[in-house]
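What follows is one structure encoded as structure tokens, with my remarks underneath.
The values are calculated or read from the model by the stated rules, or taken from the named source; none is laboratory data. Given the structure is predicted, the values throughout are model-derived calculations rather than measurements. Glycine gets a Cβ as well: all are built from the backbone with ideal geometry, and neighbour counts include every protein chain shown.
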Amino acid sequence: MDVILRAEGVDFFYGEQQAVSNADFVLARGEVAAIMGSSGSGKSSLLYCLAGVLPPARGTVTFDGVELSSLPDTELSALRRERIGFVFQYGELLDELTVEENAALPLRLAGVAKDRAHAAAARVLGRLGLGDLLRRRASKLSGGQRQRIAVARALVHQPDVVFADEPTGALDSANASAVLEEFLRLAKDQDTAVVIVTHDPEVAARADSQYAMVDGVLTQRVTV
């Protein structure tokens, strides 16, 4: 197995409350993994630790052979910008920008020319059913549309790993299916690994591996 991400013994606390307890997790290139759990179970906290957004209190997270805690902030930021895609639960778009501009942000931050970045964004947005909204301001869109833009932004630079926090939670069944199919296409065609935090068993069922999170404890449930 060609491992891209490994977590060992990860603990994370909010104040004195332990959100993640001694979590182990392994992800291969091209693998889609789903982490299921109820609200407050710690699954989002774990996702942020895996992505290098939150530092674990104990344990290690290794990305492509490099332990994230060993990286200075500038290198960690560059890694997240260039090799990781992240879909936040509530989108976190820039309302003053257009749909196309929001989706193209990772490429523009990496120095890609505007025309090329916007063309790449338009291709991903089109696959997610947003091709006719490219010039519309993000502030004018519905919650479901905003979430699909956030997905496009996470995918546009073809990252090594995508972390998605409830990416289909605000979507109807048709759009949820389109988002899931795009994740699966990336995994198959580009060897992108995907970690999806979800409460939807139908989404989890499409993953290669399934994990359950209960009171901060992660266990692997199924390997397909």
Would you be able to say whether some residue in the stretch 30-39 is surrounded by fewer than 22 Cβ atoms within 10 Å (Cβ to Cβ) and either under 15 Å from ASP11 (Cα atoms) or among the hydroxyl-bearing types (Ser, Thr, Tyr) (or both)? yes
Would you mind stating whether VAL99 is within 14 Å of VAL179 (Cβ to Cβ) and either among the β-branched types (Val, Ile, Thr) or modelled with pLDDT of 95 or more (or both)? no
For GLN158, the lone unmet condition from (1) over 27 Å from LEU46 (Cβ atoms); (2) among the polar types (S, T, N, Q); (3) surrounded by fewer than 18 Cβ atoms within 10 Å (Cβ to Cβ) is (1)
Looking at ASP189 and the list (1) at pLDDT below 90; (2) surrounded by 23 or more Cβ atoms within 10 Å (Cβ to Cβ); (3) farther than 22 Å from GLN89 by Cβ, which single condition is not satisfied? (2)
Does any residue in the stretch 1-12 that is in contact (Cβ under 8 Å) with a residue 40 or more places away in the chain come within less than 8 Å, Cβ to Cβ, of a residue that is of a type in the set (D, E, K, R) and part of a loop (DSSP other than H, G, I, E, B) six or more places away or on a different chain, and which pairs are these? ILE4/ARG29; ILE4/ASP64; ILE4/ASP160; LEU5/ASP64
When (1) surrounded by fewer than 17 Cβ atoms within 10 Å (Cβ to Cβ); (2) touching a Pro at 6+ places or on another chain (Cβ under 8 Å) are applied to ARG135, the one that fails is (2)
Out of GLY52, GLY40, I need the residue that is outside any strand (DSSP E or B) and closer than 18 Å to LEU68 by Cβ. Which one? GLY52
THR219 fails exactly one of (1) crowded, with 21+ Cβ neighbours inside 10 Å; (2) out of contact with any helix residue (DSSP H, G or I) (no Cβ under 9 Å at 6 or more places or on another chain); (3) of a type in the set (Ser, Thr, Tyr), namely (1)
Of all residues in the stretch 62-77, count the ones that are of a type in the set (Phe, Trp, Tyr) and either modelled with pLDDT under 95 or outside any strand (DSSP E or B) (or both). 0
Restricting attention to the stretch 78-86, does a residue exist that is of a type in the set (A, V, I, L, M, F, W, C) and closer than 27 Å to SER139 by Cα? yes
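For the stretch 126-224, please list each of the helices (runs of 4 or more DSSP H) lying entirely inside it that holds at least 1 residues being touching a residue at least 60 places away in the same chain (Cβ under 8 Å) and among the aromatic types (Phe, Trp, Tyr).
Counting at least 1 such residues, we get 173-190.
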Looking only at the stretch 79-109, count every residue that is surrounded by fewer than 16 Cβ atoms within 10 Å (Cβ to Cβ) and under 16 Å from the mean Cα position of the chain (by Cα) and tell me the total. 5
Given the conditions (1) over 14 Å from GLN89 (Cβ atoms); (2) part of a strand (DSSP E or B); (3) touching a residue at least 40 places away in the same chain (Cβ under 8 Å), which single one is not true for VAL26? (3)
Whether any residue in the stretch 82-94 is in a strand (DSSP E or B) and farther than 28 Å from ASP215 by Cβ is what I want to check. yes
Which residues, taken from the stretch 29-81, are more than 18 Å from VAL203 (Cβ to Cβ), in contact (Cβ under 8 Å) with a residue 24 or more places away in the chain, in contact with a Ser or Thr (Cβ under 9 Å, 6 or more places away or on another chain) and charged (D, E, K, R)? ARG29
